[in-house]
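Here the structure is laid out as structure tokens; the discussion comes afterwards.
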Protein chains: 2
Amino acid sequence: MDVRTICLGILTRGDATGYEIKKSFEEDGYQHFVEASFGSIYPALNRLTEEGLVSVREEAQEKRPDRKVYSITKAGRQALVAALMKPLPEDKHRSPFVFAMLFSHLLPPGRVTALIDAYIAYGEAKLAQSAQPKTKPQTAGERFVTGLGRAIYLTMLDYLRTHRAEIEGPAAEAAE
Amino acid sequence: MDVRTICLGILTRGDATGYEIKKSFEEDGYQHFVEASFGSIYPALNRLTEEGLVSVREEAQEKRPDRKVYSITKAGRQALVAALMKPLPEDKHRSPFVFAMLFSHLLPPGRVTALIDAYIAYGEAKLAQSAQPKTKPQTAGERFVTGLGRAIYLTMLDYLRTHRAEIEGPAAEAAE
DNA sequence: CCCAATATACATCGGGGCTATATATAAGCC
DNA sequence: GGCTTATATATAGCCCCGATGTATATTGGG
């Protein structure tokens, strides 16, 4: 799923600036599974404009850069649906944490414990965030995705807590 | 986690060619969460060789390209541990399937059903593969990671099956 | 028995995307 | 008063992935 398609999708929810598109990845519904950086969003929006899939209106602001507010066009909506009708690329998951766990036997026990603690804290923060959404999910799709994300985080946290002793050294266990 | 570090990690399990490193991502233990393409592995191995983190021996073969068998050096092991002691980059998950589900209301009901069916089949295949590993997990880390992967896939499959009706149209339900 | 598919093996190019950086200002906090 | 955070756009450089190219051997189906 390239960044251009992702931008089109977000713009179906309403007009937005590049900055707001980026922010929406951190919000509820789009929380997990999707993200993109400024370095790809701004070029993507330029190309979408050239291709007529989005339109821009510049709103001048006092002593700030102009806001460039993008709207999806009819052609843009068609392009989005067309992209979703084609065979989807496979998921991609890269987890440096999990990679590190594969080599826990090469690390000092304290490091392994610290990594697991940090990862659990991160998961709990994500869960808390999705439990109290800033904007409630509007569509059935958003509710479905939010629920899936929560289910996966709950499973992951439970697994980490019940199995961490297997990779933490005996020293770590004694220290608890 | 850049590809160079990933290559170092895999080489701690034993010497390997670039081809074998790539294969190991599809295997048990390294199944999910980690992968890299030839287009990054071969350049990475060249650079690691220049930096003295791995060594190469070329094994000539009859009527085939020479095997370039890489071994990790002491400096390489130190570099791996050093990388794992630094703050880890955050996980990255990109799921075109989940993205598509966010826009299920824009798609024909049949398409949504087909996507969910395909995704369930994919998850089941992954689960079956990890249930019958080619090479049994050697370290506690590998067992831990394999178990985590299985737990997440099980949760995901259960969620899809119990919640799919929420985003499949009434027409799709009637057709079943 | 032949052909297609799969596996072994290395390598590169083009394009796409991320990180870091640059620029500018306002608001809130310590 | 200065630091951090938030708003807002933009680009250069590097990293990485996908596709493709080059060879050959084996295996399974028709």
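The values are calculated or read from the model by the stated rules, or taken from the named source; none is laboratory data. Remember, predicted model here, so these are calculated numbers, not experimental data. Virtual Cβ from ideal backbone geometry, glycine too; neighbours counted across all protein chains shown. With ligands, DNA and RNA removed, areas are computed over all heavy atoms of the protein, side chains included. Shrake-Rupley method; radii C 1.70, N 1.55, O 1.52, S 1.80 Å.
Brief remarks follow.
- Entirely in the range B:34-124, the helices (runs of 4 or more DSSP H) that have 2 or more residues that are under 30 Å from B:LEU160 (Cα atoms) and more than 16 Å from DNA strand C (Cβ to nearest atom): B:96-102
- Counting only residues that are closer than 27 Å to B:GLU142 by Cα and among the charged types (D, E, K, R), the range B:10-69 holds 10 of them.
- Residues that are open to solvent by 40 Å² or more (accessible area, probe 1.4 Å) and under 30 Å from B:GLU51 (Cα atoms) within the range B:89-128 comprise B:PRO89, B:GLU90, B:LYS92, listed in sequence order.
- Among the residues of the range B:14-33, the ones that are within 8 Å of DNA strand C (Cβ to nearest atom) and in contact with a strand residue (DSSP E or B) (Cβ under 6 Å, 6 or more places away or on another chain) come to 1 in all.
- Candidates A:GLY18, A:GLY9 - the one that is farther than 23 Å from A:HIS93 by Cα, open to solvent by less than 10 Å² (accessible area, probe 1.4 Å) and either within 10 Å of DNA strand D (Cβ to nearest atom) or within 14 Å of chain B (Cβ to nearest Cβ) (or both): A:GLY18
- Subset of the range B:21-41 that is of a type in the set (Phe, Trp, Tyr) and crowded, with 21+ Cβ neighbours inside 10 Å - its residue that is nearest to the other protein chains (Cβ to nearest Cβ): B:PHE33
- Test set (1) within 14 Å of chain B (Cβ to nearest Cβ); (2) within 27 Å of A:GLY9 (Cα to Cα) - A:LEU107 fails condition number: (2)
- A single entry from A:ALA83, A:ALA75, A:ALA79, A:ALA60 fulfils the requirement of being within 22 Å of the chain's Cα centre (by Cα) and either open to solvent by less than 60 Å² (accessible area, probe 1.4 Å) or on the phi < 0 side of the Ramachandran plot (or both): A:ALA83.
- Hits in the range A:128-153 (condition: at the interface with another protein chain (Cβ under 8 Å from one of its Cβ atoms) and part of a helix (DSSP H, G or I)): A:ALA140, A:GLY141, A:GLU142, A:ARG143, A:PHE144, A:VAL145, A:GLY147, A:LEU148, A:ALA151, A:ILE152
- Cβ-Cβ under 6 Å pairs, at least 6 apart or on other chains, the range B:43-57 side on the phi > 0 side of the Ramachandran plot, far side not aromatic (Phe, Trp, Tyr): B:GLY52/B:ALA75
- Some residue of the range A:57-66 being closer than 28 Å to B:VAL34 by Cβ and within 16 Å of DNA strand D (Cβ to nearest atom): no
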